[in-house]
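Just so it is clear, none of the values below were taken in a lab; they were calculated from the coordinates. Since we're looking at a predicted model, the values are computed, not measured. Neighbour counts run over all protein chains shown; Cβ positions are idealised from the backbone, glycine included.
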Amino acid sequence: MDVNIIAGSTTKFGELWHVSPRDMVRQVVEDVIDQAMISRSKLQAIFIGNMLSSSLGGQDHLGAFFAEELGLSIPAVKVEGACASGGLAVHTGCLAIMSGLYDTVLVVGVEKMTDYKPETVASVLMGAGSEAEREAGLTFPALYALMTRVHMKKWSTTEKDLAYVSVKNHFHASLNSHAQFPYQVTLEQVLKSPVIASPLKLLDCSPITDGAAAIILTRNKKAAIRNKTVSIIASVVATDTLGLAEREDLSSLKASVIAAKNAYHQSGISPKDIDVVEVHDCFTIAEIIAMEDLGFFPKGKASFAIKEGVTKLGGYPVVNTSGGLKASGHPVGATGVKQVVEIYQQLTGRGGKKQVKDARIGLTHNVGGSGATAVIHILKCL
């Protein structure tokens, strides 16, 4: 692959009631153009990751909407894949460059969620589930609670194991000024937080979030060389069934396993080579499952590694330096782009207080729905 990242930026994530999607996108786009030191005229296409602009914002033509806002008369496409929309937008941008059609493209992820009632947001998010699940009145906390129960029964995972994920990710978020919850929590606080869908508690769940993120991708190595050159050396998507009822094993996400296997093959990289990882921890159980599905730990062993601090800053591999979805926030269409920005910043030494020492290779893992879509990117500092 010959796809280089030359800039990456995010807004602060959180309850941004006084900031519009227009404002968020304008902020991150202006920032990445300044970072890349290029003119807007060099951008040849825009790919926008977003899930809810239609159901919440009433806007079905998001590509043209933001092209107009940015003053660009270039191809602009909305990419949707539930909570994997951002990752899919990055994947689409990679394909556009690899095809030879474009030299330089802009990828944006954006979501505006907190202006609406929580029950409304929960309902529209279930658009990513199966019809049977919606008819049964299930929500994503309930679906992941079912997956948690299976993992507990099969691999002896405990509620305390889940809580250690939250504690670790909040510690990382306390070092991230852009995080929605930039503060630490204790094990006791997690375990005593209100039950949402047993055994998942409030502090096991990612929040409703507003935010945007952007990157610029290019094949132009001269542009990349101004800073450290970071290349995307694998970009892979895999899918599985929409509903849980049709799956073989609820303690694993088949799409993640397939995508990871193909990404390692495409890049020539193995899990032991990876220094820093951003995984899709929409719920604490999701991080445990991801670390096993991606090959970092054997089945049933990830929770022990997390408890022992193996994946905390100072360990190896370091996981969710941003704070993850759990503590940094989860503006669903922006999450996959934000993950790539975080790894890009780590590999270029711009991680600030949460910088992983000598990080050269990173991986992002973005999931749509309860695992119907998985997007993996592997990045390398050349």
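Observations, loosely collected:
- The amide H of Ala7, built 1.01 Å from its N in the peptide plane, has Ile216 as neighbours under 5 Å, considering only residues 5 or more places off or on other chains.
- Nearest 10 degrees, 0 to 90: helix 332-347 Cα axis against the chain principal axis: 70
- Convex hull per residue volume in Å³, alpha carbons only, for region 64-119: 93
- Summarising the overall dimensions of region 101-141 from its C-alpha atoms, the Rg and Dmax are 15.7, 47 angstrom.
- Prolate/oblate/rounded call for region 129-171, Cα gyration tensor, a/c under 1.5 rounded: oblate
- Distance cut-off 33 Å, percentage of C-alpha pairs in the chain lying past it: 22
- With only the Cα atoms considered, region 247-372 has a convex hull volume of 104 Å³ per residue.
- Region 57-101: relative contact order as a whole-number percent, Cα under 8 Å and 6+ apart: 23
- Derived scalar couplings between HN and Hα for region 115-127 equal 6, 10, 4, x, 5, 5, 5, 4, 5, 6, 4, 6, x Hz in order, rounded to whole Hz, by the Karplus curve 6.51 cos²θ - 1.76 cosθ + 1.60 (θ = phi - 60°), x for Gly and Pro.
- For the chain, the mean residue ellipticity at 222 nm estimated from helices alone is -11000 deg cm²/dmol, where every DSSP H run of n ≥ 4 contributes -39500 (n - 2.57) and the total is divided by all residues, rounded to the nearest 500.
- Cα point-scatterer Debye curve for region 303-382, base-10 log of I(q)/I(0) at q = 0.14, 0.23 Å⁻¹: -0.48, -1.20
- In region 113-218 the Cα-Cα distances spread across 5 Å bins starting at 0 as 2, 11, 16, 18, 19, 17, 10, 4, 2, 0 percent of all pairs.
- Highest-first arrangement of 9-22, 55-68, 78-91, where packing means the average Cβ count within 10 Å: 78-91, 9-22, 55-68
- Listed residues Phe297, Val257, Gly352: farthest to the positive end of the dipole of region 231-382 (Cβ charges): Gly352
- Peptides 283-294, 243-254 ordered by average Cβ neighbours within 10 Å, highest first: 283-294, 243-254
- Here the Debye sum runs over all C-alpha atoms of region 64-182 as equal scatterers in vacuum, and log10 of I(q)/I(0) at q = 0.11, 0.12, 0.14 Å⁻¹ comes out as -0.65, -0.76, -0.97.
- Put simply, the Cα atoms of region 199-312 extend 51, 34, 34 Å along their principal axes, the longest span coming first.
- For Ala234, the residues whose amide H sits under 5 Å from its own are Ile378, ignoring neighbours fewer than 5 places away on the same chain, with H placed 1.01 Å from N.
- Among 127-133, 366-372, 141-147, the peptide with the highest mean count of other Cβ atoms within 10 Å heads the list, and the full ranking is 366-372, 141-147, 127-133.
- When only Cα pairs below 8 angstrom with a gap of at least 6 residues are kept, region 1-71 shows a relative contact order of 31 percent.
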